[in-house]
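Student: Below: one structure in structure tokens.
The values are calculated or read from the model by the stated rules, or taken from the named source; none is laboratory data. Keep in mind it's a predicted model, so treat the numbers as computed, not measured. Glycine gets a Cβ as well: all are built from the backbone with ideal geometry, and neighbour counts include every protein chain shown. These area figures cover heavy atoms from the full protein model, side chains too; ligands, DNA and RNA do not enter into them. Shrake-Rupley method; radii C 1.70, N 1.55, O 1.52, S 1.80 Å.
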There are 2 protein chains.
Amino acid sequence: MAGTAGPEIERLIQLLARLPGLGPRSARRAALHLIKKREALMTPLAGALQVAIDRIQVCKVCSNIDTQNPCTICTDRRRDPSTIVVVADVADLWALERAHATTGKYHVLGATLSPLDGVGPQDLTIDALVSRAHDSEVSEIILALNATVDGQTTAHYITDLLQEANVKVTRLAHGVPVGGELDYLDEGTLSAAMRQRTLF
Amino acid sequence: MAGTAGPEIERLIQLLARLPGLGPRSARRAALHLIKKREALMTPLAGALQVAIDRIQVCKVCSNIDTQNPCTICTDRRRDPSTIVVVADVADLWALERAHATTGKYHVLGATLSPLDGVGPQDLTIDALVSRAHDSEVSEIILALNATVDGQTTAHYITDLLQEANVKVTRLAHGVPVGGELDYLDEGTLSAAMRQRTLF
Ligand SMILES: [Zn+2]
Ligand SMILES: [Zn+2]
């Protein structure tokens, strides 16, 4: 792409272009920026990647990622062990943590079921979740999955599997986003928000 | 940002967020993608960055970047040594090379003059350009600078300095949209602009 830039820079550009959010053009700009900021950015980034390579693991309990295993959340005694919040992806766990949305623990599925994309139950950490749900300490499983077809398919599938476990299975409410304007919401969200209305 | 992700992942996210084109949210996604693709992407990227850190240099002749010094273009005997194409940035050199717009050599200024941003002549490789222009081998200097105020200010400044040199000073034709940046142009426009270059 850069032509005369040489194979080393070409390779750097091609690898950067595989990051989500960077296309070929922005990958070229990112590579140049890194090369210009060799000491201030490229060297620290190379180091941070190496630390991540060496130290980051998938938690054997919840499939969160961390440098500890079990992860910081799983080993945190202040977290409520009776509640497991099920998310598709670590990014969703991070979003809920930023929102301080729960004091419970998590379970990261790794994906949502997607028959069209060939993602089946065996590709998710569902067996481990069912096993955790049978722990007598656990009383509620909160399914914090996307309100998409795949997310809801996954929620139904898990709910069926958890019939045998002695747990309450709940899901996130549908409703008006905080700061959201009614006029911009789809009809499904509005109807759900009306049905699930709460006392003021 | 990611809260419980631990300082190592936080640091990786913060460094990625400093790449052009990635904000805080996309940096989190990029970090997660890298961690998930440890063998296929994170490890190769760390290696490519280290190679770049170790091997990429600024060409002592033209200020292009390359693992050779002088760079591949400066040492390429098939390139026309009588023509020097002056660009602000390596990204512009790459864009012209992708368009096969010239067989000449280059001179990378490093920036354009921008009094408002405190970028003066001493911040650009102008002295080296003037010195090269006095080489008897050189007969034409093509100013391939952005059609912005700063780009044209820089073109005028350089043209004045080159009065003493025995060279023809030209600039890209007005195929470049006013206010447009070279790096965003399609190859046909770039080639046409190069063919139709006019006396400055
Ligand atoms: Zn964990
Ligand atoms: Zn060079």
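Student: How many residues are part of a loop (DSSP other than H, G, I, E, B) and open to solvent by less than 10 Å² (accessible area, probe 1.4 Å) when one looks only at the range B:146-155?
Tutor: 0
Student: Output yes when any residue across the range A:10-25 is under 17 Å from the mean Cα position of the chain (by Cα) and within 16 Å of ligand 1 (Cβ to nearest atom), and no when none is.
Tutor: So far as the range A:10-25 goes, no, none of its residues is under 17 Å from the mean Cα position of the chain (by Cα) and within 16 Å of ligand 1 (Cβ to nearest atom).
Student: Oh, and also: Sort out which residues of the range B:75-113 are of a type outside the set (A, V, I, L, M), open to solvent by less than 10 Å² (accessible area, probe 1.4 Å) and either part of a strand (DSSP E or B) or at pLDDT 95 or above (or both), and write them in order of number.
Tutor: Those that are of a type outside the set (A, V, I, L, M), open to solvent by less than 10 Å² (accessible area, probe 1.4 Å) and either part of a strand (DSSP E or B) or at pLDDT 95 or above (or both): B:Gly104, B:Tyr106, B:His107.
Student: Just for the range A:46-66: of the residues that are in a strand (DSSP E or B) and among the hydrophobic types (A, V, I, L, M, F, W, C), which one is nearest to the other protein chains (Cβ to nearest Cβ)?
Tutor: A:Ile65
Student: When you look at A:Val58, is it within 10 Å of the chain's Cα centre (by Cα), away from ligand 2 (no atom under 16 Å from the Cβ) and of a type in the set (A, V, I, L, M), yes or no?
Tutor: Criteria not met by A:Val58.
Student: If we scan the range A:74-84, do we find a residue that is away from ligand 2 (no atom under 16 Å from the Cβ), more than 27 Å from B:Ala17 (Cα to Cα) and within 15 Å of the chain's Cα centre (by Cα)?
Tutor: Yes, some residue in the range A:74-84 is away from ligand 2 (no atom under 16 Å from the Cβ), more than 27 Å from B:Ala17 (Cα to Cα) and within 15 Å of the chain's Cα centre (by Cα).
Student: From the list A:Pro81, A:Pro70, A:Pro44, exactly one residue is away from ligand 1 (no atom under 16 Å from the Cβ) and not hydrophobic (A, V, I, L, M, F, W, C). Which is it?
Tutor: That would be A:Pro44, the only listed residue that is away from ligand 1 (no atom under 16 Å from the Cβ) and not hydrophobic (A, V, I, L, M, F, W, C).
Student: Which residue pairs have Cβ atoms under 6 Å apart, sit 6 or more places apart or on different chains, and have a first residue in the range A:7-30 that is more than 7 Å from chain B (Cβ to nearest Cβ) and a second that is open to solvent by less than 30 Å² (accessible area, probe 1.4 Å) and not hydrophobic (A, V, I, L, M, F, W, C)?
Tutor: Qualifying pairs under 6 Å: A:Ile13/A:Arg28.
Student: Hey, can you tell me all the residues within the range A:91-118 that are away from every other protein chain (no Cβ under 14 Å) and under 30 Å from B:Glu10 (Cα atoms)?
Tutor: Of everything in the range A:91-118, those that are away from every other protein chain (no Cβ under 14 Å) and under 30 Å from B:Glu10 (Cα atoms) turn out to be A:His107, A:Thr112, A:Leu113.
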